[in-house]
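Working notes, beginning with the structure itself.
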Amino acid sequence: MEKIISVLIPTFNQTDSFTKIVSIYSKNPKVKIIVSDDSSEPSIQEKIKNFCKKSGILYFKGCLLYTSPS
């Protein structure tokens, strides 16, 4: 069985650093990129979402992956 590496990229109102990080990992065909976007700006959300859609990247908006007990 072929091994695949999953890379989770959390983002919050960042497009420049997001595209830099994605460009590093997207060159490897054995890497599956997953984005968790908590951006508060609708324009940034759309940019990231559209970029992910065009690039075949899994995109989750406002996905709460982990919380510590209150």
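The values are calculated or read from the model by the stated rules, or taken from the named source; none is laboratory data. Being a predicted model, the structure only gives us computed values, none of them experimental. Here Cβ is always computed from backbone atoms with ideal geometry, including for glycine, and neighbour counts include all displayed protein chains. Surface accessibility is based on the protein's heavy atoms, side chains included, excluding ligands, DNA and RNA. Shrake-Rupley method; radii C 1.70, N 1.55, O 1.52, S 1.80 Å.
Here the label points at Asn28 and Phe60, each 7 Å from Cα along the C-beta direction, are separated by 2.1 nm in the simple model.
Its residues counted as N, the chain yields a C-alpha radius of gyration over 2.2 N^0.38 Å of 1.16. Scalar couplings 3J(HN,Hα) for region 26-39, obtained by applying the Karplus form with A = 6.51, B = -1.76, C = 1.60 to θ = phi - 60°, are 6, 6, 9, x, 8, 10, 10, 9, 10, 10, 10, 9, 10, 4 Hz; x denotes Gly and Pro. Database remark: amide H of Val31 closer than 5 angstrom to the amide H of Ile5 (H placed geometrically; neighbours at sequence offset of 5 or more, or on other chains; Pro and chain starts carry no H). Per atom type, the chain shows carbon and sulfur on 57% of its accessible surface, probed at 1.4 Å.
Using the Cβ-Cβ distance between Lys3 and Glu46 with R0 set to 22 Å, the FRET efficiency works out to roughly 0.05. Sequentially through region 55-61, phi angles give Karplus couplings (6.51, -1.76, 1.60; θ = phi - 60°) of 9, x, 9, 5, 10, 10, 9 Hz, Gly and Pro residues having no value and appearing as x.
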